1. How about the stretch 57-158: which GluC sites (Glu not before Pro) there are in a DSSP loop, with at most 14 other Cβ atoms within 10 Å of their Cβ?
2. Out of all Cα-Cα pairs in the stretch 1-139, roughly what percent, to the nearest whole number, are more than 27 Å apart?
3. With N denoting the number of residues in the stretch 164-223, provide Rg(C-alpha) divided by 2.2 N^0.38 Å, to two decimal places.
4. Which residues make up the longest stretch of the chain that has no trypsin sites (Lys or Arg not before Pro) in a DSSP loop with at most 14 other Cβ atoms within 10 Å?
5. Per residue, how much accessible area does the chain show when a 1.4 Å probe rolls over the protein heavy atoms, in square angstrom?
6. Quick one: dipole size for the chain, taken about the Cα centre, charges +1 on Lys/Arg Cβ and -1 on Asp/Glu Cβ, in debye to the nearest 20.
7. With 26 Å as the cut-off, how large is the P(r) tail for the stretch 90-202, expressed as percent of Cα-Cα pairs?
8. What is the percent carbon and sulfur in the accessible area of the chain, measuring with a 1.4 Å probe over the protein chains and ignoring ligands?
Amino acid sequence: MNVSEAIAGRQSIRAFDSDREVTSEVITSILTTAGRAPSGSNIQPWHVYVVTGAAKNRISDACKARYLSGDEGESEYHYYPQAWRQPYIGRRRQTGFGLYGLLGIDKADTAAVQGYRVTNYEFFGAPMGLFFTIDRDMELGSWVDYGMFLQSIMLSARGAGLETCAQAAFCPYFDSVMPLLRAPDEQMLICGMSLGYPQRGAVINSYRTERLDAEAFTTFLRD
Ligand SMILES: Cc1cc2nc3c(=O)[nH]c(=O)nc-3n(C[C@H](O)[C@H](O)[C@H](O)COP(=O)(O)O)c2cc1C
């Protein structure tokens, strides 16, 4: 797989083969490669928690229980703007409607929406979950670095035949997740990620999101 194929072929995978484990050798190799991601002054501001088995189930159970009880939780940071506006709200809606449309879910059908959303907390059937934290005293520059690290994990995973779905869905329940990770108070949860081999033939995995043409977000200055 060349670099362009690895980037262009990546998509969020939301149905994994739960019977196919990811070995600790494979995840260690992926993280070692991704650790080559650049960061300002090479400070490498990331902490990763890898969960499988009972450790993963505990997080799953805690988040599912909260989500299904109607507890929306509250993230420690705002992932999205406080006030949505165009063009972002339009892109968000297009992505959501596209996915629900493919699954035949009516957005007004709260039981169906909940039934789909809760799969986030089951790691979409993946055998391995990753959680990413950052020290609270790190500044915005380190969050910039972190994005590169996350994308490097997703691409490195593809090189090993694995796929991923980044998950901010865990953030509202950070106060359940962080103690279960035994993460210190100085750290803050950035997001989770499901990792595994994709389930073949799963309709949800056929969802391809659109992108803008480069001209739409680039300004070329020539004189
Ligand atoms: C940091 C981050 C958090 C995300 N959180 C979730 C999530 O909680 N649940 C989910 O289903 N997808 C989540 N996504 C996936 C995005 O919806 C997806 O990347 C976007 O729609 C583009 O689609 P693609 O990844 O298939 O190209 C997240 C993506 C990122 C980068």
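The values are calculated or read from the model by the stated rules, or taken from the named source; none is laboratory data. Since this is a predicted model, take the numbers as computed values, not measurements. With ideal geometry, Cβ positions are generated from the backbone for all residues, glycine too; neighbour counts draw on all protein chains shown. With ligands, DNA and RNA removed, areas are computed over all heavy atoms of the protein, side chains included. Shrake-Rupley method; radii C 1.70, N 1.55, O 1.52, S 1.80 Å.
1. Details: sites: GLU72, GLU74, GLU76, GLU122, GLU139; in loops: GLU72, GLU74, GLU76, GLU139.
Those that pass, being in a loop and sparsely packed, are GLU72, GLU74, GLU76, GLU139.
2. Everything past 27 Å amounts to 38 percent.
3. Compared with the compact-globule rule of thumb, the stretch 164-223 sits at 1.80.
4. Numbers: sites that count: ARG20, ARG36, ARG85, LYS107, ARG136, ARG182, ARG200, ARG208, ARG211, ARG222.
That would be 37-84.
5. Averaged over the residues of the chain, the accessible area is 58 Å².
6. Details: 21 positive and 25 negative charges, 115 e Å.
Once rounded to the nearest 20, the dipole reads 560 debye.
7. On the way: 1831 of 6328 pairs.
Percentage above 26 Å: 29.
8. Carbon with sulfur: 51 percent of the solvent-accessible area.
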